[in-house]
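To start, the structure itself, in structure tokens.
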Amino acid sequence: MTDHRIRRIVIVGGGTAGWMTAAALARSLNTGYTQVTLVESEEIGIVGVGEATIPPIISFNRMLGIDENAFLAATSGTFKLGIEFVDWGAQGERYFHPFGAFGHDLQGVHFHQLWLRERSRRALPAITDWSMSAAAAAQGRFGRAKADARSPVRELFYAFHFDAALYARFLRDYAERGGVTRVEGRITDVDLDPANGHVAGLTLSDGRRVEGDLFVDCSGFRGLLIEEALATGYESYARWLPCDRAVAVPCALPDPREPEAFTRATARAAGWQWRIPLQHRLGNGLVYCSKFLSDDDAEAQLLASLEGEALAPPRRLRFTAGRRLLSWNRNVVALGLAGGFIEPLESTSIHLVQAGIQRLIALFPDRRFAAAERDEFNRQMRDLYEDVRDFIILHYHATRRDDSPFWNQVRTMEVPDSLSRKLDLWRGKGRLFREGYDLFSNPSWVAVCLGQGIVPETWEPAADALDETLVAGAMDQIRQGYADTAARLPSHGDFLRMAAPSPLAPGMAAPPQTGSPGYAFAATPPNDPKGPLL
């Protein structure tokens, strides 16, 4: 019988996408039969500004068997409980998009429906008061639940901020220990098989040739294989997501002992600015539309807003929001920026890499490259990109700002039908339905819609069947329970000093200071192979 198994996998490009792929394939294909080779050149820099993640990355790290504390220390990482949005709905407003659910559903009625009904009876605070993650973020606290915890801390969901270059280095060490071969070299030619148009091999600048059966393109925006060699094509989302530039610069932390456990996204006149606290520095960047702001002015605006001394020269990036028409074309799978880019808002870039890797492993081909496997991969990735696209568009479109041409454009633009249908259902009775491969669950849509002022006209009739007095009492109890639990947790900085201090951050090397005596939390994460999901 003919052996059709893939024997040689070649990954083009390192950085976060390349080494995430290498590490995952080393783990999942560690049979001694398939060789994984990664080709990268030190002459070619990496984008490397993506430093914020969402909770599914916990599942990825656990799949690799990575110790969470060791990973955080090696990458100078911090915990992330959500994103604070400033000036998005209107100038002077802010809201928080936390990880995890709001409150508890009652008798099949979603909590946000109960909140909508209750706010018609009395004045209520923002729905984020009923989030354990938001309560901890507001008090600058953090904790991980023990495996047998019964307190509300088990409802605290989190992700990470980390130095992307250090994460790539961490994963490189992991992958090379798992048998991945790294080849240093600049690719000068891509050789196609004349019989089927597949990529057959790569020629390096020194004349060496690297051959493979399956190629994974992690070459960044350039798309060396997926676009330059195979001319796959690109679908632009620029009509809905007009930001096409970014400038990034790290600076010193204003308070190195207490980095915040959340990302901040502040809307600006022609885009928005990110703020990401690590243990050793603050990541800053301005995402903007070049139609309304020049590169020089964007750089000056970012530098003027820094909270500490700049630690490196500003780095400029250009992009077009969108995706490759095919994420898998012939024998090439594109991951990371080579496959597409939405934009940094909501921190989805690293997750899209992770999602592509998981689908590649689930649909891993043999050398016959069955069309059904390739088509299913492409369908799932297209649906995922479009779901993320719609959620990001929501942030821009759901604004009342009219203070600049940029905000007037995005506020009044037509949105995709898929988003329009979702908003129509929400505006009526607060209804949300998760479909297909949606990444963002209903609480995320609730947080952004309510946070930016889209309040439904009424609520689902099922909510009226519940006793008003009992519901009000339960809501007050839940809210108070989250606030009290957060108050008993250690500070975010203290938790990091105790569990995962970075050698790059002297302020994190102090003796640990724990929370209130007798409160049970886990300095070591519980052994949960599934991990929390967004």
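Under 8 Å for C-alpha pairs, at least 6 residues apart: give me the relative contact order for segment 231-353, rounded to a whole percent.
Dividing the mean separation by the residue count of segment 231-353 yields 32 percent.
Sorted by mean Cβ packing within 10 Å, highest first, what order do the peptides 244-257, 154-167 take?
So the peptides 244-257, 154-167, ranked by packing, come out 154-167, 244-257.
Would you calculate, for the chain, the mean residue ellipticity at 222 nm contributed by helices, counting each DSSP H stretch of 4 or more residues as -39,500 (n - 2.57) and dividing by all residues, to the nearest 500?
-10000 deg cm²/dmol
Within 10 Å, count the other beta carbons around each residue, average over each peptide in 15-28, 97-110, and list them highest first.
15-28, 97-110
In whole angstrom, note down how far apart the Cα centers of segment 259-313 and segment 475-509 are.
26
Treat the count of other C-beta atoms within 10 Å as a stand-in for reagent exposure and order Met381, Met498 from fewest to most.
Going from sparsest to densest Cβ surroundings: Met498, Met381.
Test of the criteria: in segment 309-409, which GluC sites (Glu not before Pro) are in a DSSP loop and have at most 15 other Cβ atoms within 10 angstrom of their Cβ?
Here the sparse-neighbourhood loop sites are Glu309.
Once the dipole of the chain is set up with Lys and Arg at +1 and Asp and Glu at -1 on Cβ about the Cα centre, which of Ala321, Gln409, Ala175 lies farthest towards its positive end?
Ala175
For segment 247-302, take N as its residue count and report Rg(C-alpha) divided by 2.2 N^0.38 Å.
Against the empirical 2.2 N^0.38 Å value, I get 1.21 for segment 247-302.
Debye sum, Cα scatterers, segment 1-151, no solvent: what log₁₀ I/I(0) at q = 0.13 1/Å?
Result of the Debye calculation: -0.87.
Return the Rg/Rh ratio of the chain with Cα-based radii and a Kirkwood Rh.
Ratio of gyration radius to Kirkwood radius: 0.97.
For segment 115-228, report the translational diffusion coefficient in µm²/s to the nearest whole number, using Stokes-Einstein at 4 °C, 1.567 mPa s, and a Kirkwood Rh over Cα pairs.
So the translational diffusion coefficient is about 65 µm²/s.
Could you calculate the contour length gain from Asp383 to Asn408, that is, 0.36 nm times the residue separation minus the distance between their Cα atoms, to one decimal place in nm?
Length difference between fully extended and current span is 6.1 nm.
Quick check for me: using +1 on Lys/Arg Cβ and -1 on Asp/Glu Cβ, what's the dipole size of the chain about its Cα centre, in debye to the nearest 20?
That gives the chain a dipole magnitude of about 540 debye.
Could you compute how fast segment 321-411 diffuses translationally, taking Rh as the Kirkwood radius over C-alpha pairs and applying Stokes-Einstein at 37 °C with viscosity 0.692 mPa s? Give it in µm² per second.
So the translational diffusion coefficient is about 226 µm²/s.
By its C-alpha gyration tensor, with a ≥ b ≥ c as the square roots of the eigenvalues, how is segment 179-263 shaped: rounded for a/c under 1.5, else prolate for a/b larger than b/c, else oblate?
oblate
In whole Å, what are the Cα extents of segment 384-513 along the three principal axes, biggest one first?
For segment 384-513, the Cα spread along each principal axis is 54, 46, 35 Å.
I need the fraction of alpha carbon pairs in segment 258-394 separated by more than 17 Å, rounded to a whole percent.
Taking all Cα-Cα pairs of segment 258-394, the fraction more than 17 Å apart is 66 percent.
I need the shape label for segment 58-132. Rule: rounded when a/c is under 1.5, else prolate if a/b > b/c, else oblate, with a, b, c from the alpha carbon gyration tensor.
Since a/c reaches 1.5 but b/c is at least a/b, the shape of segment 58-132 is classed as oblate.
Starting from the Cα gyration tensor of segment 158-306, take the square roots of the eigenvalues, sort them a ≥ b ≥ c, and report rounded, prolate or oblate (rounded when a/c is under 1.5, otherwise prolate if a/b is larger than b/c, else oblate).
Oblate is the answer for segment 158-306, as a/c is 1.5 or above yet b/c matches or exceeds a/b.
Check Asp105: other-chain or 5+ apart residues with amide H under 5 Å from its amide H, H built from backbone geometry?
Phe111
Can you tell me the convex hull volume per residue for segment 289-359, based on C-alpha atoms, in Å³ to the nearest whole number?
Cα-based convex hull of segment 289-359, divided per residue, equals 139 Å³.
Take the Cα radius of gyration of segment 119-174 and divide it by 2.2 N^0.38 Å, with N its residue count; two decimals is plenty.
In units of the globular-protein estimate, segment 119-174 measures up at 1.69.
Taken together, the values in this text are just the output of simple stated rules run on the coordinates, not laboratory data. Because the structure is a prediction, the values reported are computed rather than measured. All Cβ positions, glycine included, derive from the backbone under ideal geometry; neighbour counts span all protein chains shown.
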